[in-house]
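Undergrad: My questions all concern the structure below.
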Amino acid sequence: MDSLGIFGKAFQENMCKLMVYDRAYCDQMQEVLDVKYLELKYLQVFTEKLFNYKKSYGTHPSNDTFNSILNTELIDENEVIQKQVVDYFVKIQAFPDIQDKDYITTKSIDFCRKQVLKKAMMQSVPLLNECSFEEIEGLITKALRLGINNDCGYDYIKDFEERFIEKARNPISTGWTKIDKISKGGLGQGELVVVVAPTGAGKSHVLVHLGSQALKQGKNVVHFTLELSDTSVAQRYDSCLTGVPLDELMVKKEAIYDEIKDIDGQLIVKEYPTKSASTITLKNHLEKIRQTQMEIDLIIVDYGDLLKGSAVRKNYEKRHELESIYEELRGIGQEFACPIVTASQTNRKGLNEDVITMESISEAFNKCFVADLIVSLSRTIKDRNSNIGRLFVAKNRNGPDGIVYSLFMDTSNVAIKVLEKDDVVKLQQKQEQRQKQNDFVKAKEVFHNMQREKGARK
C-alpha cells in the first residue's frame with residue numbers, strides 16, 4: 001500500500017464509499033476502474049458486487065438491496081473477507097459523509113492510471129531483454145491514456161441511421177387504442193408502469209384490466225397481491241375476461257370456465273400479507289416460476305406502496321424506502337425483460353381532484369423519476385354514479401404526456417374503456433335520465449305513503 005503514497009488504504013476506502021453514495025461518480029468509475037486496481041481484497045469484492053448489480057439491472061442499488069446482496073452472495077469468499085466486507089459497509093453507512101469529496105473525484109483517474117502504469121512497467125521488464133521497445137511503448141502509452149474517452153458522443157450526421165432503428169420493446173397492448181398509440185404499442189419490456197389513484201378509485205381494477213389484456217394476447221402474467229386475497233383477484237379476472245358481473249360469478253361458474261379454459265396465456269396469482277414481502281421476496285418467487293419453464297411476459301404488483309423495504313434501518317425515512325422499492329421494481333422488470341406494472345396511492349390532495357397530477361403521489365415524489373409510464377385515475381362521486389372517470393397520462397418516456405382521457409369504468413364487472421367525447425355526454429345524459437326516474441319513483445312512493453297516512457287518520 002505504501003507504494004502508492006497518497007493513494008493508500010484511506011483513499012481507496014473513500015473511493016468505494018463515494019461510489020456507493022454518488023451514482024454519477026460510480027458510473028464514471030465503472031468505465032475505468034478494474035477492481036484489481038484496489039489493493040485490499042475486501043474492497044475488490046465490495047466493488048465487484050456493486051458493479052455487477054449495476055451491470056445486471058442498469059440502475060444503482062439502494063442501501064437496503066446492497067446490504068442484502070452482501071449478506072447472501074459472499075459464500076465463495078472466506079470468512080475473514082466476508083466479515084471485512086460486511087463490516088466495511090456497516091461503517092460507511094454509519095458515517096455516510098465523505099471528506100474531501102472533490103479531491104477524491106479529481107484524483108481517482110490518477111489512481112487508476114498509476115495502477116495501470118505500474119502493471120505496464122512490470123510487463124515491460126521481460127520485454128527489455130527481448131528489445132521489444134515498440135510493445136513497451138504501446139503498454140506505457142495505453143496506461144497513460146487511461147481515462148481519456150475516445151467517444152466524443154453521438155454524431156448527428158454520421159450516425160443518422162442509428163436513430164431510425166427501432167429498439168426491441170416487444171410491447172403488450174393495454175387494450176386501449178389511444179394509450180397504445182402514444183406509448184408506441186403499449187407496455188414495453190423492462191419498463192415500469194405506475195397507476196396512481198386515491199383509495200377506492202379502482203387501482204386494482206386497472207391492474208386486472210391490463211393483466212387480462214395480456215392474457216388475451218397469449219402472454220403469461222404473474223400477479224402479486226398485497227391487499228386482496230388471491231381468490232378475490234382471480235374472480236376479478238373472471239369478471240373482466242367474461243363480462244359476467246362479480247355478484248353473478250357463483251351462479252355462472254360453468255359458463256365462465258368454458259370461456260376461460262382456452263385462453264392461451266397463463267396467470268399466476270401470488271398473495272402476500274401487506275408489508276410482509278420485499279422486492280427480494282418477489283424476485284425469489286419469480287425465479288421459482290422461471291424454473292418451471294414458464295416464460296414471464298408481464299409482472300403486476302398490487303401495489304408497490306405495500307411492499308416492505310429490503311432491510312430495516314433506524315431513522316430510515318419512508319420516502320427513501322419507497323424510492324428504493326420503485327427502483328428495485330424497475331430492476332426486476334429489466335432482469336426478467338418484461339413490463340412491470342404497479343400502483344401508488346395519492347395523498348389527501350388527490351382525493352377530490354378532477355385530474356390527479358404527480359404532485360399528489362403519496363409519500364415519495366421521487367419514485368416517479370424511475371417510472372417509464374405514469375397514469376392517474378380520478379373519479380368523483382358523481383363520476384362513479386355515471387360509471388365514468390378520467391385517465392391522465394402524467395409521464396410517458398415513449399411519447400406525449402399531459403393528456404386527459406375520459407373512461408367508462410364499471411367496477412361491477414371490471415369493464416374499463418377509453419371514451420370519445422360524445423360517449424361521455426351520452427353516458428352523463430343516460431345517468432341524468434336514470435336519476436330523474438329514480439327521483440320520480442321516490443316522489444311517487446312518498447305521495448302514496450302520505451295518502452295512506454291521511455286515509456288512516458280518517
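Undergrad: Which residues, counting only those in the range 268-296, are among the acidic types (Asp, Glu) and modelled with pLDDT of 90 or more?
TA: Within the range 268-296, the subset among the acidic types (Asp, Glu) is 271, 287, 295.
Within the range 268-296, 271, 295 qualify.
Undergrad: Go through (1) assigned to a helix (DSSP H, G or I); (2) modelled with pLDDT under 90 one by one and return the number of the condition residue 39 breaks.
TA: The one condition residue 39 does not meet is (1).
Undergrad: Would you point out the residue of the range 297-316, among those that are surrounded by fewer than 21 Cβ atoms within 10 Å (Cβ to Cβ) and either of a type in the set (Lys, Arg) or at pLDDT 90 or above (or both), that is farthest from residue 210 (Cα to Cα)? Outline the logic, then answer.
TA: Step one: list which residues in the range 297-316 are surrounded by fewer than 21 Cβ atoms within 10 Å (Cβ to Cβ), which gives 308, 311-316.
Those left that are additionally either of a type in the set (Lys, Arg) or at pLDDT 90 or above (or both): 308, 313-314.
Values: 308: 24, 313: 35, 314: 37 Å.
The extreme case among them is 314.
Undergrad: May I ask you to list the residues in the range 82-96 that are among the basic types (Lys, Arg) and either surrounded by 13 or more Cβ atoms within 10 Å (Cβ to Cβ) or not in a helix (DSSP H, G or I) (or both)?
TA: 83
Undergrad: Another question about this same structure. Only one of these conditions is not met by residue 232: (1) crowded, with 17+ Cβ neighbours inside 10 Å; (2) under 27 Å from the mean Cα position of the chain (by Cα); (3) of a type in the set (Gly, Ala, Ser); (4) closer than 23 Å to residue 213 by Cβ. Which number is it?
TA: With (1) crowded, with 17+ Cβ neighbours inside 10 Å; (2) under 27 Å from the mean Cα position of the chain (by Cα); (3) of a type in the set (Gly, Ala, Ser); (4) closer than 23 Å to residue 213 by Cβ applied to residue 232, the lone miss is (1).
Undergrad: Taking the criterion of being at pLDDT 90 or above and over 30 Å from residue 189 (Cα atoms), would at least one residue in the range 92-99 satisfy it?
TA: Looking for residues that are at pLDDT 90 or above and over 30 Å from residue 189 (Cα atoms), one finds at least one in the range 92-99, hence yes.
Undergrad: So, in the range 97-121, exactly how many residues are surrounded by 16 or more Cβ atoms within 10 Å (Cβ to Cβ), among the aliphatic types (A, V, I, L, M) and more than 33 Å from the chain's Cα centre (by Cα)?
TA: 4
Undergrad: From 164, 133, 160, 111, which residue is under 28 Å from residue 393 (Cα atoms), at pLDDT below 95 and hydrophobic (A, V, I, L, M, F, W, C)? Write out each step before concluding.
TA: Values: 133 fails: under 28 Å from residue 393 (Cα atoms); 160 fails: under 28 Å from residue 393 (Cα atoms); 111 fails: under 28 Å from residue 393 (Cα atoms).
164 is the lone residue from the list that is under 28 Å from residue 393 (Cα atoms), at pLDDT below 95 and hydrophobic (A, V, I, L, M, F, W, C).
Undergrad: Only one residue in 216, 203 is among the charged types (D, E, K, R), surrounded by 18 or more Cβ atoms within 10 Å (Cβ to Cβ) and within 25 Å of residue 406 (Cα to Cα), so which one is that?
TA: After ruling out the rest, the residue left standing is 203.
Undergrad: Could you name every one of the helices (runs of 4 or more DSSP H) located completely within the range 179-292 that has at least 1 residues being aliphatic (A, V, I, L, M) and either outside the structural domain of residue 357 (by TED's automatic domain parsing) or in contact with a Gly (Cβ under 7 Å, 6 or more places away or on another chain) (or both)?
TA: Result: 203-216.
The values are calculated or read from the model by the stated rules, or taken from the named source; none is laboratory data. Just so you know, these numbers come straight off a predicted model, no measurement behind them. Because the Cβ atoms are built from the backbone with ideal geometry, glycine has one as well, and the counts that use them run over all protein chains shown.
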